Amino acid sequence: MLKSKISKLVGSIVWVFILVYGTAYLFRLLFGSYMLEGGMANTSYGILALLCAVPFVLIEITERRKKSTFDLALISLGLFSILFFLVHLVIVFSSEAMQDGAVTRALIVLPLSALLIVATVHFTVQHEKTS
């Protein structure tokens with residue numbers, strides 16, 4: 001079981017990094033600009049990915065049942081991917097390099113939204129199991 005938990009933890013982190021950097025690269029190809037100034041070399045992308053991975057890692061650590069954890073992680077990651085994609089799209093369409101204040105807001109709002117989505121899905125899944 002420990003191997004399974006560790007692999008899920010690493011998988012969650014990897015998928016969030018793929019989501020963050022993949023979205024950045026995709027929008028660079030489609031619209032010609034990155035969300036953050038400096039492109040992929042900007043360390044804020046890595047920080048954003050790590051902060052966004054925290055809720056998924058926490059739910060993997062605290063959840064005891066294998067099947068519900070996997071379902072919860074998939075649902076949460078899917079919903080967060082949609083949210084992250086749309087927010088990133090709006091920022092890129094604004095075609096402005098992000099100022100320091102905007103970077104700080106993105107580094108706060110996106111991980112908090114990931115946490116809210118994970119918590120909501122977790123409580124919904126738990127409620128459906130007891131019903």
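Descriptive notes on the structure:
- Segments 25-33, 47-55, 116-124, 13-21 sorted - mean Cβ within 10 Å per residue, highest first: 47-55, 13-21, 116-124, 25-33
- Cα gyration tensor category, rounded, prolate or oblate, for the stretch 1-42 with a/c compared to 1.5: prolate
Computed from the coordinates by the stated procedures, all read-outs in this text should not be read as laboratory data. Note that the coordinates shown come from a computational prediction; the quantities given were computed from them, not determined experimentally. Virtual Cβ from ideal backbone geometry, glycine too; neighbours counted across all protein chains shown.
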